[in-house]
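Encoded as structure tokens, the structure appears first; notes follow it.
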């Protein structure tokens with residue numbers, strides 16, 4: 001369902017045709033839960049179409065580059081399909097007016113400084129922008145948000161809670177229709193599960209572990225092959241088949 005976003009008031013034109021710059025978060029939550037595990041890369045690989053699919057963090061979102069700074073929102077994770085990715089990067093922000101659509105998926109990560117705004121002001125603004133799904137992740141198990149994991153789906157311009165399933169105290173998940181992935185809270189970490197392939201998207205550490213394991217297997221196989229050749233040569237000499 002497409003919801004017409006509501007434009008905020010305009011202000012002075014931003015120089016150089018770009019969105020105003022925002023300082024990066026200083027609480028390390030993005031680094032710990034998105035950047036370091038390489039979730040951006042994993043999602044880009046899974047979602048495909050890199051020239052028209054945006055998977056980034058801390059990108060200002062607003063009606064256009066003239067949007068007043070206080071009406072801009074800067075999600076921790078933004079995913080948008082069928083957009084002009086190069087224009088977004090050139091303008092250092094996501095213009096709903098220029099792209100002709102809002103982002104498809106937004107996720108915020110809880111911190112003591114942002115939690116209240118994430119659950120209130122940002123939720124209102126993302127609904128007004130027309131963002132189909134808005135998710136919130138609290139690595140602290142619900143210390144800063146009302147729940148460890150929460151998601152909203154836009155229905156007739158109003159956010160309705162997405163069902164979150166509790167496996168146990170260390171595992172929760174809900175399904176994103178936009179991504180066709182399960183968003184998981186597992187042992188204080190974000191995970192993405194593909195219900196069709198029935199596997200998790202691999203983190204950078206897991207991919208590195210896979211490569212190391214494959215290399216070790218190749219090395220072991222090569223060592224075994226060389227040892228077998230030496231033993232075969234010894235047996236052939238013993239049997240007089242070789243000098």
Query raised in the report: Is one or more of the residues making up the range 128-145 closer than 21 Å to residue 73 by Cα, in a helix (DSSP H, G or I), in the same structural domain as residue 46 (by TED's automatic domain parsing) and touching a residue at least 12 places away in the same chain (Cβ under 8 Å)?
Result: yes
Report summary line: Matching residues in the range 57-72 (in contact with a helix residue (DSSP H, G or I) (Cβ under 8 Å, 6 or more places away or on another chain) and crowded, with 20+ Cβ neighbours inside 10 Å) number 5
Query raised in the report: Of the residues that make up the range 179-189, is at least one touching a helix residue (DSSP H, G or I) at 6+ places or on another chain (Cβ under 8 Å), part of a loop (DSSP other than H, G, I, E, B) and modelled with pLDDT under 95?
Result: no
**Report entry** Filter result for residue 75 (in contact with a strand residue (DSSP E or B) (Cβ under 7 Å, 6 or more places away or on another chain), in the same structural domain as residue 44 (by TED's automatic domain parsing), assigned to a loop (DSSP other than H, G, I, E, B) and surrounded by 14 or more Cβ atoms within 10 Å (Cβ to Cβ))
**Finding:** yes
Query raised in the report: Does residue 68 count as in the same structural domain as residue 185 (by TED's automatic domain parsing) and within 27 Å of residue 157 (Cβ to Cβ)?
Result: yes
Report summary line: Subset of the range 21-47, residues assigned to a loop (DSSP other than H, G, I, E, B) and either within 21 Å of residue 184 (Cα to Cα) or touching a residue at least 60 places away in the same chain (Cβ under 8 Å) (or both), comes to 21, 25, 27, 28, 36, 37, 38
**Report entry** Candidates 88, 109, 96 - the one that is in the same structural domain as residue 22 (by TED's automatic domain parsing), without any contact (Cβ under 8 Å) to a residue 60 or more places away in the chain and crowded, with 18+ Cβ neighbours inside 10 Å
**Finding:** 88
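The values are calculated or read from the model by the stated rules, or taken from the named source; none is laboratory data. Note that the structure is predicted; figures quoted are calculated from it, not measured. Heads up, the Cβs are rebuilt from the backbone with ideal geometry, glycines too, and the neighbour counts pull from every protein chain shown.
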